[in-house]
1. Here are 8, 69: which of them is within 16 Å of ligand 2 (Cβ to nearest atom), more than 16 Å from the chain's Cα centre (by Cα) and either under 25 Å from residue 133 (Cβ atoms) or exposed (fewer than 14 other Cβ atoms within 10 Å of the Cβ) (or both)?
2. Tell me, please, whether a residue that is part of a loop (DSSP other than H, G, I, E, B), in contact with a helix residue (DSSP H, G or I) (Cβ under 9 Å, 6 or more places away or on another chain) and modelled with pLDDT of 90 or more can be found in the stretch 104-124.
3. When you scan the stretch 22-44, how many residues do you find that are closer than 13 Å to residue 78 by Cβ and in contact (Cβ under 8 Å) with a residue 60 or more places away in the chain?
Ligand SMILES: [Zn+2]
Ligand SMILES: [Zn+2]
């Protein structure tokens, strides 16, 4: 289950739909992302972490990231790295994905802005206390209707 957000700029008409969370195909996405990360597709840091914790796992949930420098909003897989609380646990190949309660966070993945390369901030929920500015004109975007997806 995921949450869709629709961001609208009342001033210039810019709008953007973003989808956070995960869909029905989450276990497939998770497996694919883990495989990619293990092979260094998502950077050498994640590859190193997999070498250090071969039974570790990344979180492939979609999160919304915001660059305060150039106002880019992106929706990307979180890629935060977790390891099992029980170090003897084998690498999970559960079709429903690992039970995240059995895992602990090792390191958050740093997301850099695709536009300017500066670190992006994770926005948990688009609410009034996390203002996001319009990439086009810089005025504050309004949170339009919310959509549920699966
Ligand atoms: Zn940027
Ligand atoms: Zn605007």
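The values are calculated or read from the model by the stated rules, or taken from the named source; none is laboratory data. The model shown is predicted, which means the values in this text are computed figures rather than measured ones. Please note: Cβ atoms are built from the backbone with ideal geometry, for glycine as well, and neighbour counts cover all protein chains shown.
1. Matching residue, one of 8, 69: 8.
2. The answer is yes, given that some residue of the stretch 104-124 is part of a loop (DSSP other than H, G, I, E, B), in contact with a helix residue (DSSP H, G or I) (Cβ under 9 Å, 6 or more places away or on another chain) and modelled with pLDDT of 90 or more.
3. Within the stretch 22-44, residues that are closer than 13 Å to residue 78 by Cβ and in contact (Cβ under 8 Å) with a residue 60 or more places away in the chain number 3.
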